[in-house]
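The values are calculated or read from the model by the stated rules, or taken from the named source; none is laboratory data. It should be emphasised that the depicted structure is a prediction, and the values quoted were computed from it without experimental measurement. For neighbour counting, all protein chains shown are included, and Cβ atoms are generated from backbone atoms with ideal geometry for every residue, glycine included. The protein model used for the area step is the full one, side chains on, heavy atoms only, and it has no ligands, DNA or RNA in it. Shrake-Rupley method; radii C 1.70, N 1.55, O 1.52, S 1.80 Å.
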Amino acid sequence: MRRKFLFSIAAAALLSLAPLPFAGAAAAADKENTLYIDLKDGRVVIEMRPDLAPKHVAQIKKLAREGKYDGVAFHRVIEGFMAQTGDPDGTGRGGMGELLPAEFSKAPHTRGAVSMARLDSPNTARSQFFIVLKDSNFLDGQYTVWGKVTSGMEFVDKIKKGAPGSGAVPPPPDRMIKVQVAADAKN
(Lines give C-alpha, C1' and ligand atoms only; values in the text may rest on other atoms or scores of the structure.)
Protein backbone atom coordinates (compact mmCIF):
# COMPACT_ATOMS: atom_id res chain seq x y z
CA MET A 1 0.00 0.00 0.00
CA ARG A 2 2.75 2.41 0.99
CA ARG A 3 4.64 1.58 -2.20
CA LYS A 4 1.57 2.27 -4.32
CA PHE A 5 1.04 5.57 -2.49
CA LEU A 6 4.65 6.70 -3.08
CA PHE A 7 4.36 5.76 -6.74
CA SER A 8 1.21 7.90 -6.99
CA ILE A 9 2.98 10.86 -5.43
CA ALA A 10 5.97 10.44 -7.75
CA ALA A 11 3.72 10.07 -10.80
CA ALA A 12 1.71 13.15 -9.81
CA ALA A 13 4.92 15.15 -9.40
CA LEU A 14 6.16 14.09 -12.84
CA LEU A 15 2.82 14.82 -14.45
CA SER A 16 2.76 18.29 -12.93
CA LEU A 17 6.03 19.01 -14.76
CA ALA A 18 4.80 17.63 -18.08
CA PRO A 19 2.89 19.91 -20.42
CA LEU A 20 -0.83 19.47 -20.66
CA PRO A 21 -1.93 17.46 -23.72
CA PHE A 22 -2.99 20.49 -25.75
CA ALA A 23 -0.90 23.17 -24.04
CA GLY A 24 1.61 23.15 -26.89
CA ALA A 25 -1.11 23.69 -29.46
CA ALA A 26 -2.63 26.51 -27.43
CA ALA A 27 0.74 28.15 -26.88
CA ALA A 28 1.77 27.81 -30.53
CA ALA A 29 1.03 30.69 -32.86
CA ASP A 30 -2.24 30.62 -34.78
CA LYS A 31 -0.68 30.05 -38.21
CA GLU A 32 -3.80 31.22 -40.04
CA ASN A 33 -3.42 34.59 -38.29
CA THR A 34 0.35 34.89 -38.47
CA LEU A 35 2.04 36.79 -41.28
CA TYR A 36 5.64 36.29 -42.39
CA ILE A 37 7.43 39.16 -44.09
CA ASP A 38 10.86 38.25 -45.41
CA LEU A 39 13.24 41.21 -45.59
CA LYS A 40 16.85 41.35 -46.77
CA ASP A 41 18.06 40.92 -43.19
CA GLY A 42 15.59 38.28 -41.99
CA ARG A 43 12.01 37.30 -41.28
CA VAL A 44 9.48 39.49 -39.48
CA VAL A 45 6.63 37.61 -37.80
CA ILE A 46 3.35 39.44 -37.25
CA GLU A 47 0.47 38.24 -35.10
CA MET A 48 -2.62 39.39 -36.97
CA ARG A 49 -5.62 40.44 -34.89
CA PRO A 50 -8.92 39.56 -36.57
CA ASP A 51 -10.57 40.21 -33.20
CA LEU A 52 -9.65 43.90 -33.61
CA ALA A 53 -9.87 44.36 -37.37
CA PRO A 54 -11.47 41.40 -39.16
CA LYS A 55 -11.93 43.13 -42.54
CA HIS A 56 -8.38 44.49 -42.57
CA VAL A 57 -6.86 41.13 -41.62
CA ALA A 58 -8.95 39.39 -44.31
CA GLN A 59 -7.69 41.83 -46.95
CA ILE A 60 -4.04 41.51 -45.83
CA LYS A 61 -4.30 37.71 -45.98
CA LYS A 62 -5.97 37.81 -49.41
CA LEU A 63 -3.29 40.10 -50.86
CA ALA A 64 -0.50 38.04 -49.30
CA ARG A 65 -1.96 34.80 -50.68
CA GLU A 66 -2.17 36.37 -54.14
CA GLY A 67 1.51 37.37 -53.92
CA LYS A 68 0.60 41.05 -54.24
CA TYR A 69 2.97 42.18 -51.47
CA ASP A 70 6.01 40.30 -52.79
CA GLY A 71 8.67 42.78 -53.92
CA VAL A 72 6.78 45.86 -52.70
CA ALA A 73 8.96 48.73 -51.45
CA PHE A 74 9.07 50.48 -48.11
CA HIS A 75 8.41 53.87 -49.72
CA ARG A 76 8.12 55.97 -46.55
CA VAL A 77 10.31 55.32 -43.53
CA ILE A 78 10.69 57.94 -40.80
CA GLU A 79 13.50 57.40 -38.29
CA GLY A 80 12.06 56.87 -34.79
CA PHE A 81 8.47 56.71 -36.05
CA MET A 82 7.40 54.12 -38.65
CA ALA A 83 8.14 52.13 -41.82
CA GLN A 84 5.35 52.20 -44.45
CA THR A 85 4.79 49.81 -47.36
CA GLY A 86 1.99 48.21 -49.36
CA ASP A 87 1.81 50.51 -52.40
CA PRO A 88 2.50 48.48 -55.55
CA ASP A 89 3.70 51.65 -57.33
CA GLY A 90 6.06 52.62 -54.50
CA THR A 91 4.84 56.23 -54.57
CA GLY A 92 2.56 56.22 -51.54
CA ARG A 93 -0.44 57.08 -53.73
CA GLY A 94 -1.44 53.60 -54.88
CA GLY A 95 -3.17 50.67 -53.35
CA MET A 96 -4.63 47.23 -53.93
CA GLY A 97 -7.88 45.63 -52.89
CA GLU A 98 -11.14 47.10 -51.75
CA LEU A 99 -11.55 50.27 -49.70
CA LEU A 100 -11.98 49.26 -46.08
CA PRO A 101 -14.16 50.81 -43.39
CA ALA A 102 -12.21 51.97 -40.36
CA GLU A 103 -11.94 49.40 -37.59
CA PHE A 104 -10.52 51.60 -34.86
CA SER A 105 -9.91 50.02 -31.47
CA LYS A 106 -8.20 50.74 -28.19
CA ALA A 107 -5.08 48.86 -29.35
CA PRO A 108 -2.16 51.27 -28.86
CA HIS A 109 0.39 52.29 -31.47
CA THR A 110 3.36 51.01 -29.49
CA ARG A 111 6.65 49.77 -30.92
CA GLY A 112 5.92 46.81 -33.20
CA ALA A 113 2.24 47.64 -33.79
CA VAL A 114 1.13 47.16 -37.39
CA SER A 115 -1.51 49.61 -38.57
CA MET A 116 -3.17 50.64 -41.83
CA ALA A 117 -2.21 53.76 -43.71
CA ARG A 118 -5.08 55.76 -45.17
CA LEU A 119 -6.02 59.08 -46.72
CA ASP A 120 -7.65 61.88 -44.70
CA SER A 121 -10.96 60.00 -44.60
CA PRO A 122 -11.05 57.13 -42.08
CA ASN A 123 -12.61 54.70 -44.60
CA THR A 124 -9.86 54.83 -47.24
CA ALA A 125 -7.42 52.11 -46.19
CA ARG A 126 -6.65 49.48 -48.85
CA SER A 127 -3.24 47.77 -48.85
CA GLN A 128 -0.75 50.20 -47.37
CA PHE A 129 0.34 49.62 -43.82
CA PHE A 130 3.06 50.70 -41.44
CA ILE A 131 5.07 49.17 -38.64
CA VAL A 132 5.58 51.44 -35.64
CA LEU A 133 9.27 51.89 -34.75
CA LYS A 134 8.71 53.87 -31.55
CA ASP A 135 5.63 54.31 -29.35
CA SER A 136 3.32 56.73 -31.19
CA ASN A 137 0.21 56.93 -29.06
CA PHE A 138 -0.91 60.13 -30.79
CA LEU A 139 -2.14 57.76 -33.57
CA ASP A 140 -4.38 55.77 -31.20
CA GLY A 141 -8.02 55.66 -32.26
CA GLN A 142 -7.26 57.26 -35.64
CA TYR A 143 -5.74 54.34 -37.55
CA THR A 144 -6.68 50.65 -37.65
CA VAL A 145 -4.23 48.43 -35.75
CA TRP A 146 -4.43 44.94 -37.24
CA GLY A 147 -1.34 43.24 -35.85
CA LYS A 148 1.82 43.22 -33.77
CA VAL A 149 5.36 42.16 -34.59
CA THR A 150 6.21 39.19 -32.37
CA SER A 151 9.72 38.65 -33.72
CA GLY A 152 12.06 40.33 -36.16
CA MET A 153 11.82 43.97 -35.05
CA GLU A 154 15.62 44.08 -35.31
CA PHE A 155 15.14 43.54 -39.09
CA VAL A 156 12.47 46.24 -39.30
CA ASP A 157 14.91 48.62 -37.56
CA LYS A 158 17.40 48.02 -40.42
CA ILE A 159 15.00 49.11 -43.19
CA LYS A 160 16.50 51.99 -45.18
CA LYS A 161 15.35 55.33 -43.74
CA GLY A 162 13.84 58.12 -45.78
CA ALA A 163 14.39 61.85 -45.88
CA PRO A 164 13.91 63.75 -42.61
CA GLY A 165 10.36 65.03 -42.38
CA SER A 166 8.70 63.36 -45.38
CA GLY A 167 10.27 59.94 -44.94
CA ALA A 168 10.46 59.51 -48.73
CA VAL A 169 12.98 56.74 -49.33
CA PRO A 170 15.53 57.45 -52.07
CA PRO A 171 16.20 54.72 -54.63
CA PRO A 172 16.79 51.91 -54.19
CA PRO A 173 14.31 51.32 -51.34
CA ASP A 174 14.26 48.18 -49.22
CA ARG A 175 11.48 45.79 -50.19
CA MET A 176 9.35 43.03 -48.77
CA ILE A 177 10.91 40.04 -50.51
CA LYS A 178 8.10 37.61 -49.74
CA VAL A 179 4.94 37.94 -47.69
CA GLN A 180 2.97 34.86 -46.71
CA VAL A 181 0.38 33.65 -44.26
CA ALA A 182 2.22 31.20 -41.98
CA ALA A 183 -0.39 28.48 -42.63
CA ASP A 184 0.68 28.51 -46.30
CA ALA A 185 4.42 28.85 -45.75
CA LYS A 186 6.74 26.20 -47.18
CA ASN A 187 9.78 27.62 -45.38
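Simple spin-label model, 7 Å along Cα-to-Cβ: LEU99 to ALA29 in nm?
3.4
How much of GLU79 can a 1.4 Å solvent probe reach, expressed as accessible area in Å² and rounded to 10?
130
Quick one: angle between helix 2-17 and the longest Cα principal axis of the chain, in degrees between 0 and 90, rounded to 10, please.
0
Most fluctuating residue of THR144, THR124, THR85 in a GNM of the chain with Cα springs under 10 Å: which is it?
THR124
Once you place label points 7 Å from the Cα toward the Cβ at GLU66 and LYS106, how far apart are they in nm?
3.5
How much of the accessible area of the chain, probe 1.4 Å, is carbon plus sulfur, in whole percent?
Working: 6130 of 10340 Å².
Here carbon and sulfur together make up 59 percent of the probe-accessible area.
What nm distance separates the two modelled labels at LYS158 and ASP135, each placed 7 Å from Cα along Cα→Cβ?
Going by the 7 Å Cα→Cβ label model, 2.7 nm.
When Lys and Arg each count +1 and Asp and Glu each count -1, what net charge do the other residues less than 11 Å away from TYR69, Cβ to Cβ, add up to?
In short, +2.
Taking 0.36 nm per residue of sequence separation and subtracting the Cα-Cα distance, how much length would be gained by fully extending the chain between SER151 and ASP41, in nm to one decimal? It would help to have the intermediate numbers written out before the result.
On the way: separation 110, 0.36 × 110 = 39.60 nm, distance 1.28 nm.
That pair, SER151 and ASP41, stretches by 38.3 nm at full extension.
With respect to the cross-link table entries LYS40/LYS160; LYS40/LYS68; LYS158/LYS186; LYS161/LYS186; LYS61/LYS134; LYS134/LYS161, which display a Cα-Cα separation exceeding 22 Å?
Table pairs above 22 Å Cα-Cα are LYS158/LYS186; LYS161/LYS186; LYS61/LYS134.
Summing -39500 (n - 2.57) over the DSSP H runs of n ≥ 4 in the chain and dividing by its residue number, what mean residue ellipticity at 222 nm do you reach, to the nearest 500 deg cm²/dmol?
Numbers: 4 runs with 37 residues, N = 187.
Calculated mean residue ellipticity at 222 nm is -5500 deg cm²/dmol.
Determine the dipole magnitude for the chain: charges of +1 sit on the beta-carbon of Lys and Arg, -1 on that of Asp and Glu, nothing else is charged, the reference point is the Cα centre, and the result goes in debye to the nearest 20.
The dipole magnitude comes to about 660 debye.
Report, to the nearest 10°, how far helix 54-65 tilts away from the longest principal axis of the Cα atoms in the chain, using its own Cα long axis and a range of 0 to 90°.
Tilt relative to the chain: about 80 degrees.
Can you match Rg/Rh (Cα atoms, Kirkwood Rh) to one of these, (1) 1.16; (2) 0.98; (3) 0.94, based on a calculation from the structure here?
Only one listed value fits the structure, namely (1).
Taking the Cα centroid of segment 41-84 and of segment 166-187, what is the distance between the two, rounded to the nearest whole Å?
Cα centroid of segment 41-84 versus Cα centroid of segment 166-187: 8 Å apart.
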